[in-house]
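Notes follow the structure.
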Amino acid sequence: MKIQHHISLKDYNSFGVDVNARELIEIEKPEELLELKDKIGENEQLLFLGEGSNILFTKNFNGLIIKSTDEHIEVLEENEDTILIAAGAGLNWDNFVEFCLNQGWHGLENLSLIPGSIGSSPVQNIGAYGIEACDFIEEVFAYDITKSEFISIFKRECEFGYRNSIFKKRKELFIYKVNFRLKKKPEVNISYTALKKYFNESGIYNPSPAEVRKAVIEIRRSKLPDHTKIGNAGSFFKNPVIEHDKFLELLLKHPDIPHYEAENNMVKIPAGWLIEKAGWKGKTRGEAGVHKDQALVLINLGGAKGSEIADLSEEIRLDINKNFGILLYPEVNIL
Ligand SMILES: Cc1cc2nc3c(=O)[nH]c(=O)nc-3n(C[C@H](O)[C@H](O)[C@H](O)COP(=O)(O)OP(=O)(O)OC[C@H]3O[C@@H](n4cnc5c(N)ncnc54)[C@H](O)[C@@H]3O)c2cc1C
């Protein structure tokens, strides 16, 4: 266990926002979590932190941050078709995806290059290019901070949905390990439009999982700003899901509106399209801005305060509501 006091979080969040935390505790082994009992005061403000790629700090964090540095990978069981692997919460997500692929364990290739750690992957059920983490998660292991006990939650109890899970509600659960079941026989999913287009254009008709990873990395690099160079947290807002009648109303005014069918006769609209259509692409407010190529990505142009980025996001939210009658909700955790 490593404990630091009054520490800058600039290197602990992908927006690169410079705020301080009162205390940061890094946990390497699950047993160390038991020692937290004596360290957490009454009414203590707590935050579980991964790599900070989905968090916007708007002020100093006057509480205790707990972060896993456990990077272990363990094979638990194996048969002809699948393999069950346990991964420590502190492991970098993309390093895990690459490691698995190199071992011949497939399935996660579409989720290549998503920033963050294993421990946060179930929280918002990360997803990209037609796949979600929950397609491969079998069991999540957590420490209940309030009861000081270790628990395990099977996939069916995780309430996984679009960028959602039970872990968004149950803030007392610190995830320290996740079990994934991967495939041993290559079976790729290139149904997502951007991937289909990539392989049609490159003339590869039966891509291998490694080729899918390469494609996903190339597409992501061409579309998204590198958060190690320009502070950002990927998509700032979730794609709104609206009633069918509301969609028909919008279609009359905007015949070019992109849309996807969602559950229960609802329609999903790309938030980036709404923001771009409302004229926000490339706009700035001081050092906070909307990316010039990706309207869904808010950026720190240099020394932006978290509150400035949050103010810009609120201005956008109000404007989208005024223009389209649609409320956007942040995908990023604003603290
Ligand atoms: C450039 C860029 C592109 C992105 N693209 C995508 C994408 O394609 N798809 C996608 O889904 N996301 C994407 N994201 C968002 C981000 O990568 C994911 O949300 C990721 O899972 C965050 O991981 P993290 O470790 O940085 O979590 P953090 O930002 O540190 O935390 C995220 C949330 O998880 C909680 N948490 C963290 N660790 C734990 C733990 N051990 N136990 C319990 N709760 C915990 C935190 O309290 C917080 O609520 C992108 C981000 C960036 C910067």
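Here are the numbers for the structure shown:
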item	result
Complete set of residues in the stretch 113-137 that are surrounded by 21 or more Cβ atoms within 10 Å (Cβ to Cβ) and in a helix (DSSP H, G or I)	Ala133
Residues of the stretch 142-174 classified as touching a residue at least 40 places away in the same chain (Cβ under 8 Å), within 14 Å of Leu36 (Cα to Cα) and either within 11 Å of the ligand (Cβ to nearest atom) or not in a strand (DSSP E or B) (or both), total	4
Residue within the stretch 64-87 that is part of a loop (DSSP other than H, G, I, E, B), without any contact (Cβ under 8 Å) to a residue 40 or more places away in the chain and within 12 Å of the ligand (Cβ to nearest atom) present	no
Residues of the stretch 248-286 satisfying the condition of being touching a Lys or Arg at 6+ places or on another chain (Cβ under 8 Å) and assigned to a loop (DSSP other than H, G, I, E, B)	His254, His259, Ala262, Lys281, Gly282
Gly104, sole failed condition from (1) out of contact with any Cys (no Cβ under 9 Å at 6 or more places or on another chain); (2) in contact (Cβ under 8 Å) with a residue 60 or more places away in the chain; (3) crowded, with 21+ Cβ neighbours inside 10 Å	(3)
Members of the stretch 175-190 that are near the ligand (Cβ under 9 Å from one of its atoms) and either of a type in the set (Asp, Glu) or assigned to a loop (DSSP other than H, G, I, E, B) (or both)	none
Single residue of Tyr192, Tyr143, Tyr162, Tyr205 found to be hydroxyl-bearing (Ser, Thr, Tyr), under 17 Å from the mean Cα position of the chain (by Cα) and either over 24 Å from Gln45 (Cα atoms) or crowded, with 19+ Cβ neighbours inside 10 Å (or both)	Tyr162
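For (1) farther than 21 Å from Pro186 by Cα; (2) not hydroxyl-bearing (Ser, Thr, Tyr), each residue gets a yes or a no:
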position	(1), (2)
Leu76	no, yes
Thr82	no, no
Gly88	yes, yes
Asn95	no, yes
Gly104	no, yes
Asn110	no, yes
Pro122	yes, yes
Asn125	yes, yes
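Values quoted throughout were computed directly from the atomic coordinates according to the rules given, and no laboratory measurement underlies them. All values derive from a computational prediction rather than experimental measurement. As a convention, Cβ positions derive from the backbone with ideal geometry for all residues, glycine included, and neighbour counts pool all protein chains shown.
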